[in-house]
Amino acid sequence: MATLDSKIPEGHLFEKWSNYKAHQKLVNPANKRKLDVIVVGSGLAGASAAASLGELGFNVKCFCYQDSPRRAHSIAAQGGINAAKNYQNDGDSVYRLFYDTIKGGDYRAREANVYRLAEVSNNIIDQCVAQGVPFARDYGGLLANRSFGGAQVSRTFYAKGQTGQQLLLGAYSALSRQIGKGTVKMYTRTEMMDIVIVDGKCRGIVTRNLITGEIEAHFGHAVILATGGYGNVFFLSTNAMGSNGSAAWKAYKKGAYFANPCYVQIHPTCIPVHGEFQSKLTLMSESLRNDGRIWAPKKEEDAQAIREGKKKASDIPEEDRDFYLERRYPAFGNLVPRDVASRAAKERCDHGFGVENGGAVFLDFKYAIERLGKDVVEARYGNLFQMYEKITNDNPYETPMKIYPAIHYTMGGIWVDYELQTTIPGLFAAGEANFSDHGANRLGASALMQGLADGYFVIPYTVQNYLADELHTPRMDTNSGEFAKVKADVQAHIDELMNIKGTESVDSIHKRLGHIMWEHVGMGRTKEGLQEGIKQIQELRAEFWKNVRIPGNANELNVELEKANRVADFLELGELIARDALHREESCGGHFREEYQTEEGEALRQDDKFAYVGAWEYKGKDVEPELHKEELKFEFVELKQRNYK
Amino acid sequence: MEVQNLDLTLKVWRQKGPKEQGHFETYSLKGISPNSSFLEMMDVLNEQLINEGKEPVAFDHDCREGICGMCSMYINGEAHGPDDHVTTCQLHMRKFKNGDTITVEPWRSAGFPVIKDLIVDRSAYDKIMQAGGFVSVNTGGVPDGNAIPIPKPDADEAMDAASCIGCGACVATCKNGSAMLFVSAKVSQLALLPQGKVEAARRAKAMVAKMDELGFGNCTNTGACEAQCPKGVSITNIARLNREFLCAKFQD
Amino acid sequence: MSNPCLLSSSIGKKFLMSITGLFFVLFVAFHATMNAVHIFSPEDYNAICKFLGANWYALVGTGIIALGFIIHIVYATILTIQNRKARGTDRYDSEVRPASVEWASKNMFALGVIIILGLGLHLYMFWAKMQLAEIAGFVDEIAGPADGSAFIFYWFSKPWVVVAYTIWLTALWFHLTHGFWSAFQTMGWNNKTWMPRLKCLSDVLATIICLAFEAVVIAAFCMA
């Protein structure tokens, strides 16, 4: 078994990153333009990495499947971005942000990476302000903060309910500047199909032009994958329709290890599923739980009456409402972390207390309006209420919102070392695509922080350390050798898909995969359920390759072919998630095994057996993947059971 | 509460490629839930077409929560259809009645050529941004975020301008195919903030020059862009762009 | 970046449209005030006509007005052609005008054409027989160059002229309601606070000017 070298630098936790930067190799300015770097993805991590590398003088190529780099799904993040500025003088510090993140991740993240994340968080805010990101400000003209779950300080910076949009547009503007200068060449509507490995190092990628269908190869001295998470394995999620795990999956099949795939975050406050044609789920910001109270009917007959439309929420008297979060977790109440709140909602619905087809609970603002007045509530949440009303046609000022948990974020991803390099030399992974910083559960407002930390402040250093040894590698001919071979493989893969000519649409198979995943690999997992899930996924995969129907041709814009490519990978990735979940016989963060819970139904970790990163190595088609373990050493924090009671 | 499902007739623009002649196709759809979104209705149509062995309608979409700016349909004569302050993905079918005929067209503007069916090429927006829609700072070496206080009203106004999602509805709906609302939103956002003010004159000139070069029309202040903008970006930003541009030009 | 001249840019061209447009607003405001005198006293009106006549200052004024007019028309044509090109060759099958969009704003060029046609008629009926006649030194069969009142009574006794002028003035009203605030917007003198004020001012100004003109026409028709 190959050992996983996480390459954590020497020294005290506080000094590791400084030590690394002080001793790393650099490339002189004249040589930088001789080196090509490929960045796949243009979200927060990708755009910021491409822009920063371009500014340094490297010759960058950036790829995205959307029509513009401004569209990546980072744009949809609402709440905010964390940073340890301590502007509020409320006792925040780099260490505290580090500690909260480790604890929030249920002690399954690497200390050194998380500390570096907390360390550079402050630089991110400065950088974004300098770019013209219009963060919210107080009347004195200084930056405002709000609080978020899992922290006792106010450290979240925000721009209305559109923080992700503003940060992405900031990175996009930096990227645009470099494209204008010619240091970055942007390829839009281009999807990565595979990576190219030459003599053990990643040397480029093969892409498909989504308009013409052309298969092209691109050379790079290094390749950075910033391709986001794989939540869409579940079909219904808060991810964008095009979000996919294919880039990560292709890297995995070429030898990059895939870490902790079972750590999937389920967000408790989403608008519930309304019907079979639903295409995606919409998140309602975590901030709503500051003032909204979550409840379900206490009596099963009330829940049934509401489901049948015989009663309304307002007909249920106070004493018949079960504020189950406040009941179970009096200390944190409605503000327990995401995984805890999600499981509690599922528990109520599973026992027959759900409303709206049985898959929803109430998030009620009646009490906040009584306490604060409608104006205050409107000022705080007006835009979210409006969005809710547009989607559901219910007015949340008058009737409680209906909410249910939904797949939101994937903590797992490509295994990377301290330098964010994968097990394939020259291949790096940044942002949600890697596994590195959130352990088994991510805290609110930390995804934006990690994406930008990786792109602006980590990748530009660590990639340079790698490239310093690549000066003498000439640019390779992308029409011959390994490049031509991978191109031919990709073409064969597409031809195979096009030639199935079956009867089922890609979406209908994807939906069925989603059902299997949600049913067996969702919020509450069991050994039997996971085994059953694996079996069903394998069957569905076989059916896909026999019976999928892709109309049109491969040499033109073909949306069904794009989807088929992605779903083909989801059908394999789904199985790996289930396998990882099956092997991890403990409950931690987003991974809840029903066999491993406390008497009160809380997650029960098994630190003696599972305090490691589970990194999977691909061994070939229909061969069981091999598990490698990276032991997690906690030198600076003490492992504790999380308690929110 | 049971609601009646909708039976609809769809008149959809089909066009094989940029240089091909386009035409309308008429489809009938049955049993659409009024609670589904417009794009979910389009998904149902596509599923139906695939099952009939036909090619599905190609349309742009991604986040489906009204923020990425990818979806772009002209529905019954309005950009993003008959609801205020929403994108097509947030438009819901309850805005339509049983038996309605719905006309669905792509953005039509010389600046946004059709690629296929309802998909258009909006890369011109990126080119305008590359001409000057940024603050020229490199990563690192910037002052502390609180080094320069910014009056809250300015920050708020900059945020309102910055809420533009770059969907192209303004160009699509403008009788002149003008991109002024888009350009002015970015110019305003950055001109309002001290960080962006430094190169405001240069930015306004560069972005307007690129916009003109790319063949967008001239603003005649009809305000159609503001009325159809899913984010309600105000045309007073255009006044600010004009001011920034003219002041910059008079100083040359 | 090259630095092309102001007028090669879209905003520069519209700036010129705004300047010339606002100049006309001033001109028609003055013209309407002068005309209104006729309702109360044809004699005083004639005195004004005589004062302006073919003097150098009036001629210079006329020249500037004519030049401004030509610039306004030429640039309106250039911009309209560019705009139609920018719109593309494919037209929408269905289009809805949002409630907040003024009808006038979408039809400024068509309104402008009506105004030019009306102007041609107006120049033939009055200016050619007054200022031009004075310069050229001939006397029209209707009346002498300084007897504006006589022309007014002569023409506005004919119902078709009254109708034609009413159409013309209506077009002018629409053109002004959009043109006035729009000029300020184009020159950058607008913001959220002033937008409704300027729009209101546009309506008030256009209404006063057009009513003043129309009142002279109606009064002359009734008196004749």
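The values are calculated or read from the model by the stated rules, or taken from the named source; none is laboratory data. Because the structure is a prediction, the values reported are computed rather than measured. Don't worry about glycine lacking a Cβ; one is built from the backbone with ideal geometry, like all the others, and counts go over all protein chains shown. Calculation scope for accessible area: heavy atoms of the full protein, side chains included, ligands and nucleic acids excluded. Shrake-Rupley method; radii C 1.70, N 1.55, O 1.52, S 1.80 Å.
Of all residues in region B:101-142, those being aliphatic (A, V, I, L, M) and assigned to a helix (DSSP H, G or I) number 4. For region A:251-264, the condition holds for no residue, the condition being that it is open to solvent by 10 Å² or more (accessible area, probe 1.4 Å), in contact (Cβ under 8 Å) with a residue 40 or more places away in the chain, under 30 Å from A:R605 (Cβ atoms) and within 14 Å of another protein chain (Cβ to nearest Cβ). Of the residues contained in region C:9-21, one or more are found to be in contact with a helix residue (DSSP H, G or I) (Cβ under 9 Å, 6 or more places away or on another chain) and more than 14 Å from every other protein chain (Cβ to nearest Cβ). If you go through region A:356-380 and keep only what is basic (K, R) and under 13 Å from A:L288 (Cβ atoms), you end up with just A:R380.
Which residue is most open to solvent (accessible area, probe 1.4 Å), if the candidates are limited to region A:33-45 and must be out of contact with any helix residue (DSSP H, G or I) (no Cβ under 6 Å at 6 or more places or on another chain) and at negative phi? So that I can check it myself, show each step before the final result.
Here is the first cut: in region A:33-45, the ones out of contact with any helix residue (DSSP H, G or I) (no Cβ under 6 Å at 6 or more places or on another chain) are A:33-34, A:36, A:38, A:41.
In the following step, the residues that additionally are at negative phi were identified as A:33-34, A:36, A:38.
On the way: A:R33: 155, A:K34: 116, A:D36: 14, A:I38: 1 Å².
Per the stated criteria, the residue is A:R33.
Within region A:84-105, is even one residue open to solvent by less than 10 Å² (accessible area, probe 1.4 Å) and either at the interface with chain B (Cβ under 9 Å from one of its Cβ atoms) or at positive phi (or both)? No: region A:84-105 contains no residue that is open to solvent by less than 10 Å² (accessible area, probe 1.4 Å) and either at the interface with chain B (Cβ under 9 Å from one of its Cβ atoms) or at positive phi (or both). Residues that are under 25 Å from C:M223 (Cα atoms) and either in a loop (DSSP other than H, G, I, E, B) or touching a strand residue (DSSP E or B) at 6+ places or on another chain (Cβ under 9 Å) (or both) within region C:115-138 comprise C:A128, C:K129, C:M130, listed in sequence order.
Here are the criteria: (1) open to solvent by less than 10 Å² (accessible area, probe 1.4 Å); (2) closer than 30 Å to A:V416 by Cβ; (3) of a type outside the set (D, E). Tell me which single one A:L325 does not satisfy. Going through (1) open to solvent by less than 10 Å² (accessible area, probe 1.4 Å); (2) closer than 30 Å to A:V416 by Cβ; (3) of a type outside the set (D, E) one by one, A:L325 breaks only (2). Taking A:F277 as the residue in question, decide whether it is among the hydrophobic types (A, V, I, L, M, F, W, C) and free of Cβ contacts under 8 Å to residues at least 12 places away in the same chain. In short, yes. Of the helices (runs of 4 or more DSSP H) lying entirely inside region B:192-252, those carrying at least 3 residues that are surrounded by 24 or more Cβ atoms within 10 Å (Cβ to Cβ) and within 7 Å of chain C (Cβ to nearest Cβ) are B:236-250.
Kindly establish whether B:E157 is surrounded by fewer than 24 Cβ atoms within 10 Å (Cβ to Cβ), touching a helix residue (DSSP H, G or I) at 6+ places or on another chain (Cβ under 7 Å), of a type outside the set (G, A, S) and more than 7 Å from every other protein chain (Cβ to nearest Cβ). Taking the combined requirement at face value, the residue satisfies it.
Kindly indicate whether B:C170 is in contact (Cβ under 8 Å) with a residue 40 or more places away in the chain and more than 9 Å from every other protein chain (Cβ to nearest Cβ). Full working, then the answer.
Numbers: in contact (Cβ under 8 Å) with a residue 40 or more places away in the chain: yes; more than 9 Å from every other protein chain (Cβ to nearest Cβ): yes.
Against the criterion (in contact (Cβ under 8 Å) with a residue 40 or more places away in the chain and more than 9 Å from every other protein chain (Cβ to nearest Cβ)), B:C170 qualifies.
Answer yes or no as to whether A:F234 is closer than 23 Å to A:L571 by Cβ and not hydroxyl-bearing (S, T, Y). In short, yes. When A:K25, A:K61 are screened for being assigned to a loop (DSSP other than H, G, I, E, B) and either open to solvent by less than 10 Å² (accessible area, probe 1.4 Å) or not acidic (D, E) (or both), only A:K25 passes.
Scanning region B:78-97 finds no residues that are more than 14 Å from chain C (Cβ to nearest Cβ), out of contact with any Lys or Arg (no Cβ under 9 Å at 6 or more places or on another chain), within 30 Å of A:S74 (Cα to Cα) and free of Cβ contacts under 8 Å to residues at least 24 places away in the same chain. Only one of the numbered conditions (1) open to solvent by less than 10 Å² (accessible area, probe 1.4 Å); (2) within 30 Å of B:G17 (Cβ to Cβ); (3) away from chain B (no Cβ under 14 Å) is not met by A:V184, and that is (3).
Evaluated against (1) in contact with a helix residue (DSSP H, G or I) (Cβ under 6 Å, 6 or more places away or on another chain); (2) exposed (fewer than 15 other Cβ atoms within 10 Å of the Cβ), C:V74 falls short on exactly one condition, (1). Residues of region C:53-79 that are touching a Ser or Thr at 6+ places or on another chain (Cβ under 9 Å) and either under 27 Å from B:R108 (Cα atoms) or within 14 Å of chain B (Cβ to nearest Cβ) (or both): C:H72, C:Y75, C:L79.
Hey, among B:D100, B:D60, which residue is in contact (Cβ under 8 Å) with a residue 60 or more places away in the chain, more than 10 Å from chain C (Cβ to nearest Cβ), among the charged types (D, E, K, R) and open to solvent by less than 20 Å² (accessible area, probe 1.4 Å)? Outline the logic, then answer.
Numbers: B:D100 fails: open to solvent by less than 20 Å² (accessible area, probe 1.4 Å).
After ruling out the rest, the residue left standing is B:D60.
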